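Worksheet: the structure to be examined is printed underneath.
The values are calculated or read from the model by the stated rules, or taken from the named source; none is laboratory data. On a predicted model such as this, the values are computed, not experimentally measured, just so you know. Positions of Cβ are backbone-derived with ideal geometry, glycine not excepted, and every protein chain shown enters the neighbour counts.
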Amino acid sequence: MTADKDALLASDHAHLIHPLHSKAGHQDAHVWVRGYGSTLVDADGSEYIDGLSGLWNVVAGHGRTELAEAASRQMTTLPYCSGYTGSSNPHAIALAERLARLTYPSINRFFFTSGGGESSDTNFKTARYYFRQLGKPEKTKVISRQWAYHGVTLAAMSATGISGYWPMFEPRVPGFSHISSPYPYRYEAPEGVSPGIAAANELEQKILEEGPETVAMFMAEPVQGAGGILIPPDDYFPRIREICDQYDVLLAADEVITGFGRTGTMFGLEHWGVEPDIIQYAKAITSGYFPLGGTGVNDKIADVLDSGEDVWMHAYTYSAHPVGCAVAMANLDIIEGEDFPGQAAEKGRYLLDGLQAALGDHPHVGEIRGLGLMLGVEIVEDRGTKQEFAADEKVGARVQQAMQQHGLFSRMRGDVVCVAPPVVITHEEMDRIIAAVAGGIGDVLGSS
C-alpha cells in the first residue's frame, strides 16, 4: 500500500462504520478513488474490472459526464423541494410519465424513494392500506422466498430470505414467511411435477397454511441476485400469477436489480409474459449516480389510493428528489438510446459461453448460469453429488481474493461467484473477466 492509502485506511478504521461492518474483514480494504467505464481505481493505483457494477447499479459505467451534468444543472436550478401532497416538480412528473411507458402496461402510478429497502417497506405498507380500504384489514402477511434479498430495514430484512442477515437483529417483524427458491440446480421436485410448478405450488401451500384471508402479498425477484443468480424455470412465474389471482394476493416484483435492461429485457418478468400488481426498482434507474428508487402500482391499486377515505400516511423526506429524478431521466436516455436490454442480452450470452468454455469441465464447478448480464458460477466440492465445501474451508472467500489478483473485483454468495458488470463493458473486458474467474478458481482449486 502507498502512504496515502495507509493514512486513508487509518482514518477509515478510526471513524467509519461500514455496511456489513466487520473490522477483520476490512483490514486490507480497497479505497476507491476513481472510476472510468467498467474500471475501478484504488488509491494505490491498482485497477480492477468492476465485476458487479458497484452493487449491481452502475449499468452505464463510471464517468458518464451527461449524468454529472444533469445533476449539476438541477442543483443550480432547484436543489431540493418537498414531494409531499401539495408539492411536485417537473422532473418527478416527467419521470413518472416515462416509467408508465417503460414498465408493465397495467402499472401507471409511481412513488419515489431513496433505494430498494425503502421501496420494500413502501410496498408492504401499500398492500396493507389497499386491503384495509377494501374492508379486509386482516390481509397483512407477506410471503417471500429463501435466498431472497429485499433490503435490510427491519421489515425488509424480515422478507429477505438469506438467513445470515437475521441473528443479530431478532426477533424479526411478525407476519413474514418464506417458501423455497426455484433454484434449478438444487430444487428437488416430486416425481411427475416439473421443478417450476412444484416450487410455485409451495406458494399455494403456504397461503393455505397461513390462511388466505390473512395474506396480502407475495414478493419475488424475477432473478434472485444476491442469493446467487437463481433463474427460475419458465413455468414458474406463470403459475405464481395464477395462484396470486386465485387467492387475492398481490404479486410484487422486486426489480431493484433486474429492472432497466440488466437481464436482456427492460424488466425481468417480461421474460415470462407475466405482469405483477406492484413493482419496486432502484439501482440502475440512476446507474448509482444518485440514490433513487421507487415503486409502481397497477391501476386497480391506484384507484383505491385515489378514492380511499383515509390518507396514505407514508412519506420520505427525499421522495421525488428533483436532482435524483433529473439524473434518472438522463440515465434513461442512455438506457434507451444505447439499447441496454439488447446489449445485456448479447453480452450476457458472450460471457456465459466464455465461462462455460473455460470452466464447464472443471471438477469443482457445479453449474454456470446466467440471464443477460447476471451470471453465476457455483463452486462445489463434489460435482457428481453437488456437495458443497465445508464453510470453514472458506473457499468462496479465497476464490474472491484470488480473482482480485487477476484484476476482477466482485462479490460471492457463499461459494457462488456473482458476475454482473456494467452494460457498457467491452468484449475485451469480458474476456478478462472470464480469465479472472477461471484463474481465481484455478489458483484455489486447481485447473480443470
ask   = Would a scan of region 359-380 turn up a residue that is of a type outside the set (D, E, K, R), under 21 Å from the mean Cα position of the chain (by Cα) and over 18 Å from Ser53 (Cα atoms)?
value = yes
All positions within region 238-250 that are hydrophobic (A, V, I, L, M, F, W, C) and either in a loop (DSSP other than H, G, I, E, B) or within 18 Å of Ala199 (Cβ to Cβ) (or both) = Ile240, Ile243, Cys244, Val249
note = Within region 32-73, restricting to residues that are surrounded by 17 or more Cβ atoms within 10 Å (Cβ to Cβ), of a type in the set (A, V, I, L, M) and touching a helix residue (DSSP H, G or I) at 6+ places or on another chain (Cβ under 8 Å), the one that is nearest to Asp12 (Cα to Cα) is Ala43
query = How many residues are touching a strand residue (DSSP E or B) at 6+ places or on another chain (Cβ under 8 Å) and either surrounded by fewer than 22 Cβ atoms within 10 Å (Cβ to Cβ) or charged (D, E, K, R) (or both) when one looks only at region 427-447?
reply = 3
ask   = Has region 303-310 got at least one residue that is among the hydrophobic types (A, V, I, L, M, F, W, C), surrounded by fewer than 23 Cβ atoms within 10 Å (Cβ to Cβ) and in a helix (DSSP H, G or I)?
value = yes
key: Residue under evaluation Ala253, criteria (1) part of a strand (DSSP E or B); (2) touching an Asp or Glu at 6+ places or on another chain (Cβ under 7 Å), criterion not met   = (2)
request  = Report whether or not Ala320 is among the aliphatic types (A, V, I, L, M), assigned to a loop (DSSP other than H, G, I, E, B) and either surrounded by fewer than 16 Cβ atoms within 10 Å (Cβ to Cβ) or modelled with pLDDT of 95 or more (or both).
outcome  = yes
request  = For Met329, state whether it is over 21 Å from Asp121 (Cα atoms) and out of contact with any Ser or Thr (no Cβ under 9 Å at 6 or more places or on another chain).
outcome  = yes
Residues (exposed (fewer than 15 other Cβ atoms within 10 Å of the Cβ) and part of a loop (DSSP other than H, G, I, E, B)) located in region 93-107 = Pro105
ask   = Given the residues Gly414, Gly366, which is the only one that is in contact with a Lys or Arg (Cβ under 7 Å, 6 or more places away or on another chain) and not β-branched (Val, Ile, Thr)?
value = Gly366
ask   = Out of all the residues in region 297-317, which are touching an Asp or Glu at 6+ places or on another chain (Cβ under 9 Å) and under 30 Å from Met75 (Cα atoms)?
value = Val297, His314, Tyr316
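Condition check ((1) surrounded by 23 or more Cβ atoms within 10 Å (Cβ to Cβ); (2) outside the structural domain of Pro184 (by TED's automatic domain parsing); (3) of a type outside the set (Lys, Arg); (4) in contact with a helix residue (DSSP H, G or I) (Cβ under 9 Å, 6 or more places away or on another chain)) across all residues:
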position	(1), (2), (3), (4)
Met329	no, no, yes, yes
Ala344	yes, yes, yes, no
Gly348	yes, yes, yes, no
Gly370	yes, yes, yes, yes
Ala390	no, yes, yes, no
Val395	no, yes, yes, yes
key: Every residue from region 374-397 that is among the charged types (D, E, K, R) and at negative phi   = Glu378, Glu381, Asp382, Arg383, Glu388, Asp392, Glu393
message = Just to be sure I understand, how many residues within region 398-445 are more than 30 Å from Ile335 (Cβ to Cβ) and either among the acidic types (Asp, Glu) or touching a Pro at 6+ places or on another chain (Cβ under 9 Å) (or both)?
response = 3
query = Being touching an Asp or Glu at 6+ places or on another chain (Cβ under 8 Å) and in the same structural domain as Glu378 (by TED's automatic domain parsing), is that true of even one residue in region 425-441?
reply = no
ask   = Does at least one position in region 35-51 carry a residue that is of a type outside the set (A, V, I, L, M, F, W, C), closer than 28 Å to Ala220 by Cα and in contact (Cβ under 8 Å) with a residue 24 or more places away in the chain?
value = yes
